[in-house]
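Reviewing the structure listed below.
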Amino acid sequence: MKRRHFIKKASVSGVGIALAGTALSCKDESSEENTHEAIASTPIRASLPLVIATWNVMEATAKAWDVLQNGGNALDAVEQGCMVEEINENNQTVGKGGFPDRDGNVTLDACIMDMNGNCGSVVYLQNITHAVSVARKVMEDTPHVMLAGEGAKQFAISSGFEPEDLLTEASKKAWEKWKVESEYKPIINIENHDTIGMLAMDKNGNISGACTTSGLAYKMGGRVGDSPIIGSGLFVDNEIGACTATGLGEEVVKTVGSFLVVELMRQGRSPQQACEEAIGRIVNKPNSNYKNFQVGYIAVNKQGETGSYSIHEHFSITKYHDGKNENIKSDFYIKT
Ligand code: SD4
């Protein structure tokens with residue numbers, strides 16, 4: 001039977017979700033043409049909307065869920081969800097109160113991507129709390145995808161954002177302590193986490209994503225990580241699914257991690273399989289020192305299935321689904 005007919009039959013019989021995944025992974029003589037048909041006819045899971053995010057960010061996913069319940073779209077949901085962590089001074093890896101670089105400057109990276117494949121990004125942004133909203137403005141109000149440093153800041157101010165000091169007393173104290181203890185070496189700390197990457201699927205099954213961070217604590221001045229790089233820290237393809245990353249950005253960038261996960265899902269992998277394979281790309285590199293750093297991925301596919309995987313334990317995913325907001329421990333590679 002030709003695959004297109006097989007998939008149509010499967011959907012009608014009500015077992016389309018399980019079978020479509022299998023069918024997508026089969027190769028046949030006209031696979032390209034059929035892949036598109038398969039995606040178009042793969043039924044979306046009934047219980048939408050859906051929000052997932054990296055780490056334990058229940059208030060952020062609750063906000064995104066509220067936006068979706070009140071008729072907002074997935075793009076509004078991920079932006080407003082991420083803003084909750086940007087303003088949260090207790091989260092020292094995002095927005096206001098983020099740990100500074102080794103010179104004491106708080107510099108933010110963020111990006112956003114919508115259901116039509118549009119995207120916007122800011123890198124090395126200073127003095128503006130809501131980096132994700134500036135990224136959205138870049139996407140919607142400029143002909144560009146990415147603005148950096150002083151240009152990004154000036155654009156934000158001209159768009160109505162208020163400049164402010166992002167270095168809180170708590171983060172300043174932590175930085176001063178680090179300077180003494182580390183002898184001012186740019187050490188990359190495996191425990192540096194809580195960057196928020198968020199993916200949302202609205203009730204119509206349309207997907208958007210966002211990612212925002214102050215980057216690695218005590219990084220070198222000028223360093224930019226994966227979080228604002230489309231394809232690395234975040235990628236959304238509304239026909240296939242989406243992925244976002246956390247952890248040591250350099251390793252994510254080297255493997256173009258989020259794009260990789262989405263492409264693996266395009267080839268038929270489940271979100272869980274795709275996240276595991278992308279982590280495998282990192283740990284199986286010759287001379288990979290993966291024991292010394294963390295990377296984690298979360299993903300959702302067009303059917304509303306989700307997955308997550310990391311190198312080390314302690315990675316978690318927050319999921320708002322079926323009216324329930326939960327923080328769930330992720331599976332991980334290093335089992336000791
Ligand atoms: C970065 N990926 O700048 C970010 C850091 C991070 O939780 O995810 N921290 O490399």
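Numerical summary
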| item | result |
| --- | --- |
| Whole-percent pair-distance distribution, where bins are 5 Å wide, for the alpha carbons of the range 228-336 | 2, 14, 25, 25, 20, 10, 3, 1, 0 |
| Heavy-atom accessible area per residue - the range 206-336, 1.4 Å, Å² | 35 Å² |
| Accessible area of Asp202 in the full protein assembly, 1.4 Å probe (Å², nearest 10) | 10 Å² |
| Prolate/oblate/rounded call for the range 61-179, Cα gyration tensor, a/c under 1.5 rounded | oblate |
| Nonlocal amide H pairs with Leu108, under 5 Å, H built at 1.01 Å | Tyr124, Leu125, Gln126 |
| Globularity ratio of the range 60-110, using Cα Rg and 2.2 N^0.38 Å | 1.34 |
| Given charges at Cβ of Lys, Arg, Asp, Glu: the range 50-334 dipole, positive-most of Asn70, Thr318, Gly225 | Gly225 |
| Hull volume in cubic angstrom per residue (convex hull over the Cα atoms of the range 216-255) | 63 Å³ |
| Stretch gain in nm, segment Asn116-Asn284, where the contour uses 0.36 nm per residue and the Cα spacing is subtracted | 57.1 nm |
| Length added when fully stretched, Ala174-Asp331, from 0.36 nm per residue minus Cα-Cα | 53.5 nm |
| Sequence ranges 160-173, 294-307, ranked by mean other-Cβ count within 10 angstrom, highest first | 294-307, 160-173 |
| Measure of compaction for the range 50-334 (Cα Rg per 2.2 N^0.38 Å) | 0.92 |
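The values are calculated or read from the model by the stated rules, or taken from the named source; none is laboratory data. Since the model is a prediction, treat every value here as computed from it, not as a measurement. A quick note on method: Cβ atoms are made from the backbone with ideal geometry, for glycine too, and the neighbour counts reach across all protein chains shown. Note: areas computed on protein heavy atoms with side chains; ligands, DNA, RNA excluded. Shrake-Rupley method; radii C 1.70, N 1.55, O 1.52, S 1.80 Å.
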